[in-house]
Amino acid sequence: MKYVLACLVLLGLSTSVLANHCRPKEEAYKILRENHKEEPFLNGLAGNSIFELWVSPTGTWTVLTTHPNGLTCVRLSGDSFEPVKAAPKGEAL
């Protein structure tokens, strides 16, 4: 899971990216659930914001950040999501 989180951070969770894709949290959640059939998969902190990865059974995925002002922003999205098994302790992926 650490590797997934590191990759998301490296791909750019900057607050200036895709700023026009921000809306109130409940509205963003409703769109992901109704239009994309996505549900929360994991979340964490990124600076002073909460980030979330949402996924669907068909493999679509969306990364959101929710900021202290209450706005939730789409940062990344895609398809072909597959969870990666963690490598045994001491081994590289």
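The values are calculated or read from the model by the stated rules, or taken from the named source; none is laboratory data. None of these values were measured; they are calculated from a predicted model. Virtual Cβ from ideal backbone geometry, glycine too; neighbours counted across all protein chains shown. To get the accessible areas, we keep the full protein, side chains included, count just its heavy atoms, and leave off ligands, DNA and RNA. Shrake-Rupley method; radii C 1.70, N 1.55, O 1.52, S 1.80 Å.
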For this session: Only one of these is closer than 27 Å to Lys89 by Cβ, open to solvent by less than 70 Å² (accessible area, probe 1.4 Å) and modelled with pLDDT under 95: Leu76, Leu10, Leu5. Name it.
Result: Leu5
For this session: Please work out which residue is most open to solvent (accessible area, probe 1.4 Å), limiting yourself to region 40-58 and to residues that are farther than 18 Å from Lys30 by Cα and within 14 Å of the chain's Cα centre (by Cα).
Result: Leu45
